Amino acid sequence: MDLLNTLVEKGLRRESPSREEALAVLATSDDELLDVVAAAGKVRRRWFGRRVKLNYLVNLKSGLCPEDCSYCSQRLGSKAEILKYTWLKPDEASRAAAAGVAGGAKRVCLVASGRGPTDRDVERVGRTIEAIKEENEGIEVCACLGLLSDGQAERLRESGADAYNHNLNTSEGTYGEITSTHTYADRVDTVRKAHGAGLSACSGLIAGMGESDADLVDVVYALRELDSDSVPVNFLIPFEGTPLAKEWNLTPQRCLRILAMVRFVCPDVEVRIAGGREVHLRSMQPLALHIANSIFLGDYLTSEGQAGQTDLDMIADAGFEVEGTGTTTLPKHRADALAAAGGGCGSGAGGGCGPCGGHAAPEAPEATRAVPAQEARPDLVAVRRRGAGTDLAPNA
């Protein structure tokens with residue numbers, strides 16, 4: 001396909017495709033799917049070889065969030081039967097992180113539910129970061145605590161944080177349809193605060209919420225404009241007890257097309273297959289490794305993932321290798337730029353967590369494409385009952 005040849009050539013030059021080309025990737029047929037994956041794979045291998053970065057989530061505080069994000073099992077009014085607990089102590093969080101590190105994770109992602117941290121929360125997380133780094137040399141730490149106030153990103157950086165995650169989730173034009181308690185602009189502001197403090201910006205999206213192709217393209221171009229180093233691509237987990245419980249809009253083929261579009265628009269950034277890969281990609285997960293260069297190991301915040309050893313076997317069987325702490329994730333030009341800005345994440349032996357800004361490109365008239373509803377598979381959604389906040393061993 002001339003389209004794919006053009007996209008590969010642009011990706012190898014770090015050149016952004018046109019909006020029409022990005023939309024065309026999402027509109028390709030299932031018959032063309034392997035060609036799309038192969039083309040995206042050429043760009044992925046140019047910048048990241050056959051390495052796969054492993055990230056490990058630690059949910060520091062689960063449930064009881066005052067925000068009303070429709071996709072979230074921890075939201076205000078959620079009836080999802082998830083684990084609910086207040087802040088883990090630094091030593092508890094460090095022990096939870098150690099399980100992921102032992103499983104091969106290079107980055108630990110510390111997440112807490114809520115609108116945003118108080119200054120006391122930032123101090124608490126700072127102590128947790130110090131505890132993790134004291135026990136695990138070369139490990140990167142990404143914080144994900146919600147909306148940041150002035151000065152908080154700088155304090156996290158001083159405590160040893162390498163990155164800050166705050167996802168844009170969907171396009172600016174449709175953001176108000178999924179959340180009413182904060183705005184898209186609030187999210188952009190937090191990503192900019194993190195970047196300005198010298199933290200590596202980690203920001204991504206959630207696919208499968210009923211959005212159009214135009215919305216997906218809008219948010220990915222916004223992430224490129226914000227210069228996010230790491231882009232987690234989440235696939236909606238339709239939790240029973242949340243407003244989006246009936247949104248089963250994704251097939252494995254569509255997930256692969258979305259990942260390919262992200263790779264073409266953001267050729268040299270860490271593209272992470274994040275929440276929902278087991279639910280929606282299912283047996284097609286190994287194909288996604290030819291596009292993305294990063295995954296979460298084991299479980300997620302409130303849902304279970306596949307067994308950690310299964311993740312490792314999948315990577316090896318597909319002919320990829322786990323990226324070690326002695327390897328720089330980002331391509332040299334991005335790592336050098338981050339180091340020059342005062343950041344350390346990905347710029348050396350250690351150094352994005354998943355789910356930036358400016359205005360999205362104007363919508364093209366052909367951008368919206370109806371996606372037929374898929375068969376609901378609530379049996380694939382398993383609530384996390386192990387690991388952080390429990391007495392059971394974690395999945396790593």
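The values are calculated or read from the model by the stated rules, or taken from the named source; none is laboratory data. Just so it is clear, the structure is predicted and the values come from calculations on it, not from any experiment. Heads up, the Cβs are rebuilt from the backbone with ideal geometry, glycines too, and the neighbour counts pull from every protein chain shown. To get the accessible areas, we keep the full protein, side chains included, count just its heavy atoms, and leave off ligands, DNA and RNA. Shrake-Rupley method; radii C 1.70, N 1.55, O 1.52, S 1.80 Å.
Here are a few things to note about the model shown:
- Some residue of the range 3-10 being buried (at least 16 other Cβ atoms within 10 Å of the Cβ), within 22 Å of the chain's Cα centre (by Cα) and either farther than 22 Å from residue 234 by Cα or of a type outside the set (Lys, Arg) (or both): no
- Taking first residues from the range 123-142 that are modelled with pLDDT under 95 and part of a loop (DSSP other than H, G, I, E, B) and partners that are surrounded by fewer than 21 Cβ atoms within 10 Å (Cβ to Cβ) and not acidic (Asp, Glu), the Cβ contacts under 6 Å between residues at least 6 apart in sequence or on separate chains come to 138/325; 138/349.
- Residues that are within 17 Å of residue 229 (Cβ to Cβ) and within 16 Å of the chain's Cα centre (by Cα) within the range 143-175 comprise 143, 144, 162, 163, 164, 165, 166, 167, 168, listed in sequence order.
- The number of residues in the range 75-90 being in a loop (DSSP other than H, G, I, E, B) and either surrounded by 13 or more Cβ atoms within 10 Å (Cβ to Cβ) or aliphatic (A, V, I, L, M) (or both) comes to 11.
- Residues that are open to solvent by 10 Å² or more (accessible area, probe 1.4 Å) and either farther than 23 Å from residue 111 by Cα or over 18 Å from the mean Cα position of the chain (by Cα) (or both), drawn from the range 266-284: 268, 282, 283, 284
- When the residues of the range 102-150 are filtered to those that are open to solvent by less than 30 Å² (accessible area, probe 1.4 Å) and among the acidic types (Asp, Glu), the one that is farthest from residue 86 (Cα to Cα) is 140.
- The set of residues in the range 27-64 being more than 24 Å from residue 318 (Cβ to Cβ) and under 20 Å from the mean Cα position of the chain (by Cα) consists of 58, 59, 60, 61, 62, 63.
- Subset of the range 290-324 [surrounded by fewer than 21 Cβ atoms within 10 Å (Cβ to Cβ), of a type in the set (A, V, I, L, M, F, W, C) and assigned to a loop (DSSP other than H, G, I, E, B)]: 307, 318, 320
- Output for the range 201-225, where each listed residue is under 23 Å from residue 115 (Cβ atoms) and not aliphatic (A, V, I, L, M): 202, 203, 204
- Positions within the range 44-68 being part of a loop (DSSP other than H, G, I, E, B), over 20 Å from residue 299 (Cβ atoms) and not charged (D, E, K, R), in sequence order: 49, 66
- Flag for residue 337 being surrounded by fewer than 18 Cβ atoms within 10 Å (Cβ to Cβ), out of contact with any strand residue (DSSP E or B) (no Cβ under 6 Å at 6 or more places or on another chain), among the small types (Gly, Ala, Ser) and under 29 Å from residue 386 (Cβ atoms): no
- Among the residues of the range 29-57, those identified as in contact with a helix residue (DSSP H, G or I) (Cβ under 7 Å, 6 or more places away or on another chain) and open to solvent by less than 30 Å² (accessible area, probe 1.4 Å) are 33, 36, 37, 39, 40, 43, 44, 52, 56.
- Of the listed requirements (1) within 15 Å of residue 45 (Cβ to Cβ); (2) assigned to a loop (DSSP other than H, G, I, E, B); (3) hydrophobic (A, V, I, L, M, F, W, C), residue 271 misses just one: (2).
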